[in-house]
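Take a look at the structure below.
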Amino acid sequence: MKNSFLSKFVKLLNKEVCHEEKPEKTSHPITSYKALPAYTNNPIAKKPANVAAKSLKPQETVLSEGVLVKGELHFEKLLRINGSFEGNLKASGKLILGVKGKVQGDVDLEEAEVHGKILGNITVNHLVIGPHAEVMGNIHAQTLTLHKGAKFSGRLEIDPEPTSNSIYQDEEESSYQYSM
């Protein structure tokens, strides 16, 4: 009795749901399917299969907390490190080092925002060192924003583009900005 009910139910589903062609499979991890006309009010049918991958911004790479990577890494867009990296970072992109993130090695980037710990030399155009950050190494930058509470040990060399010299404290953000 159960089998006949089940087979009738499957036949009914095939008539109601499976009357459209299935989309072609692709190698792209995010696939989207059209909501079937009979189930347009179903919120699950409207969502893509891989929502987590869609939440990342395009061209963004994340090393999560608990992940350790060793070697030399080159990237072009944005790299977020919440875990640990041992080696050299060379990029034309931006690094965001999270509060629990740690980099041990030299960093040569276009732009960096440091909230974690760096043990190594930093060569960067624009550098922001957050209030909980620790940097142990030499810094060579065009612009530097150093927030109150940050720890820095090393030599600082500001080599900006030729404009006016200025150093000021931003009262609202409790940071110091130096540029020339």
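Provide the packing ranking of 92-98, 146-152, i.e. peptides ordered by the mean count of other C-beta atoms within 10 Å per residue, highest first. Intermediate results must be reported in sequence, preceding the final value.
Working: 92-98: 20.1, 146-152: 15.4.
For the peptides 92-98, 146-152, the packing ranking is 92-98, 146-152.
Which part of region 106-145 falls in the paramagnetic zone of Val67, meaning amide N under 19 Å from the point 7 Å along Cα-to-beta-carbon?
Answer for region 106-145: 113-118.
Every number in this text was worked out from the coordinates using simple rules, so none of it is lab data. Please read these numbers as outputs of a predicted model, since none were measured by experiment. Because the Cβ atoms are built from the backbone with ideal geometry, glycine has one as well, and the counts that use them run over all protein chains shown.
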